Amino acid sequence: MTATLQEQVALITGAGQGVGQGIAFALAKRGAKIAAVGRTLSKCEDTVAQIKERFGTDAIALEADIGQTDTLEHVVNQAVTAFGRLDILVNNAVSAQICSLMDASIEKFEEGLRVGPIATLRLMQLAQPHMVKSGGGSIINLASSAARRWDSSNYGVYAAEKEAMRALSRAAANEWGPLGIRTNTILPLAQSPALAAWATYRPEEAAAFVKTVPMQRVGDCEQDIGEFVAVLCSPESGYVNGQSIAIDGGQVNLD
């Protein structure tokens with residue numbers, strides 16, 4: 001284990017599976033203590049058990065519905081009480097609505113906003129004073145390349161939620177950069193449970209999709225996405241701030 005994040009504390013939402021779990025593993029591998037947050041406590045407990053077995057790093061599981069903003073202060077306080085500080089915040093939880101604009105549910109859109117940009121903003125606000133106290137920190141917000149596609153049909157609502165998170169990230173990078181807090185956004189293409197289920201249900205469509213990726217594969221949650229996030233949180237990336245970075249094998253051009 002490379003201990004570049006030794007003594008650091010990371011709070012990760014949606015850490016019970018998929019990308020959030022992969023990021024938790026990669027950060028723990030480098031010595032970070034992990035607060036794994038999710039709606040299903042048993043999944044987060046599984047993440048914690050694997051962290052302790054694989055890396056011998058301390059971790060806790062926290063049950064929370066991120067869309068309920070009045071619970072978020074308690075989540076942050078639990079992490080800080082357990083570990084004494086907070087240095088890394090990863091806003092990964094998502095509620096996706098993939099459909100045409102005419103079929104979009106306003107109620108589900110509002111839910112997506114609560115789980116996405118609203119919860120992201122609130123957690124950033126709650127984490128910031130603790131990061132200032134620690135002398136700095138790193139915030140990683142997860143967006144999507146959906147809004148960058150030439151044809152974003154059926155992804156408009158989802159893309160709108162994710163673009164809001166990119167805007168929040170850029171503002172935080174500017175406002176909190178002088179305080180030693182770096183805020184970056186990643187746009188991952190990962191072999192998440194949802195994508196895996198889609199590939200099983202619609203294999204021909206999934207195969208055609210993979211062909212649009214120059215590297216001809218979908219990223220691994222831990223080895224591709226998590227490892228990059230760990231590097232982004234490490235001192236070696238200390239001058240990277242306010243960026244949107246696609247981790248997608250070259251599929252999307254953000255320029």
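Per-structure values
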{"item": "Residue identified as in contact with a strand residue (DSSP E or B) (Cβ under 9 Å, 6 or more places away or on another chain) and in contact (Cβ under 8 Å) with a residue 60 or more places away in the chain among Ala127, Ala96", "result": "Ala127"}
{"item": "Flag for Arg166 being among the charged types (D, E, K, R) and under 15 Å from the mean Cα position of the chain (by Cα)", "result": "yes"}
{"item": "Identity of the residue in region 136-149, buried (at least 23 other Cβ atoms within 10 Å of the Cβ) and of a type outside the set (Val, Ile, Thr), that ends up nearest to Gly180 (Cα to Cα)", "result": "Gly137"}
{"item": "Region 6-48, subset among the basic types (Lys, Arg) and in contact with an Asp or Glu (Cβ under 8 Å, 6 or more places away or on another chain), residue nearest to Leu62 (Cα to Cα)", "result": "Arg39"}
{"item": "Filter pass, Thr4 being hydroxyl-bearing (Ser, Thr, Tyr), touching a residue at least 24 places away in the same chain (Cβ under 8 Å) and either in contact with a Phe, Trp or Tyr (Cβ under 9 Å, 6 or more places away or on another chain) or surrounded by fewer than 22 Cβ atoms within 10 Å (Cβ to Cβ) (or both)", "result": "yes"}
{"item": "One residue from Ala159, Ala196 being out of contact with any Ser or Thr (no Cβ under 8 Å at 6 or more places or on another chain) and either surrounded by fewer than 21 Cβ atoms within 10 Å (Cβ to Cβ) or more than 20 Å from Asn253 (Cβ to Cβ) (or both)", "result": "Ala196"}
{"item": "Filter pass, Thr81 being modelled with pLDDT of 95 or more, touching a helix residue (DSSP H, G or I) at 6+ places or on another chain (Cβ under 8 Å) and hydroxyl-bearing (Ser, Thr, Tyr)", "result": "no"}
{"item": "Search result, residues across region 169-220 that are among the β-branched types (Val, Ile, Thr), over 15 Å from the mean Cα position of the chain (by Cα) and within 21 Å of Val132 (Cβ to Cβ)", "result": "Ile181"}
{"item": "Residues of region 9-24 satisfying the condition of being part of a helix (DSSP H, G or I) and at negative phi", "result": "Val19, Gly20, Gln21, Gly22, Ile23, Ala24"}
{"item": "In region 171-193, residue surrounded by the most Cβ atoms within 10 Å (Cβ to Cβ) [restricted to those that are without any contact (Cβ under 8 Å) to a residue 24 or more places away in the chain and either closer than 18 Å to Pro117 by Cα or acidic (Asp, Glu) (or both)]", "result": "Ala171"}
{"item": "Residue list for region 197-226, restricted to those being touching a strand residue (DSSP E or B) at 6+ places or on another chain (Cβ under 6 Å) and small (Gly, Ala, Ser)", "result": "Gly219"}
{"item": "Of the criteria (1) among the hydrophobic types (A, V, I, L, M, F, W, C); (2) surrounded by 23 or more Cβ atoms within 10 Å (Cβ to Cβ); (3) in contact with a helix residue (DSSP H, G or I) (Cβ under 7 Å, 6 or more places away or on another chain), which one Leu168 fails", "result": "(2)"}
{"item": "Residue selected from region 238-255 under the condition in contact with a Gly (Cβ under 9 Å, 6 or more places away or on another chain) and on the phi > 0 side of the Ramachandran plot, by the criterion modelled with the lowest pLDDT", "result": "Gly249"}
{"item": "Test: residue in region 152-168 that is among the aromatic types (Phe, Trp, Tyr), out of contact with any strand residue (DSSP E or B) (no Cβ under 6 Å at 6 or more places or on another chain), closer than 28 Å to Phe209 by Cα and in a helix (DSSP H, G or I)", "result": "yes"}
{"item": "Ile12, sole failed condition from (1) β-branched (Val, Ile, Thr); (2) under 19 Å from Asn141 (Cβ atoms); (3) free of Cβ contacts under 8 Å to residues at least 60 places away in the same chain", "result": "(3)"}
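The values are calculated or read from the model by the stated rules, or taken from the named source; none is laboratory data. Since the model is a prediction, treat every value here as computed from it, not as a measurement. FYI the Cβ positions are ideal-geometry reconstructions off the backbone, even for glycines, and counts take in every protein chain you see.
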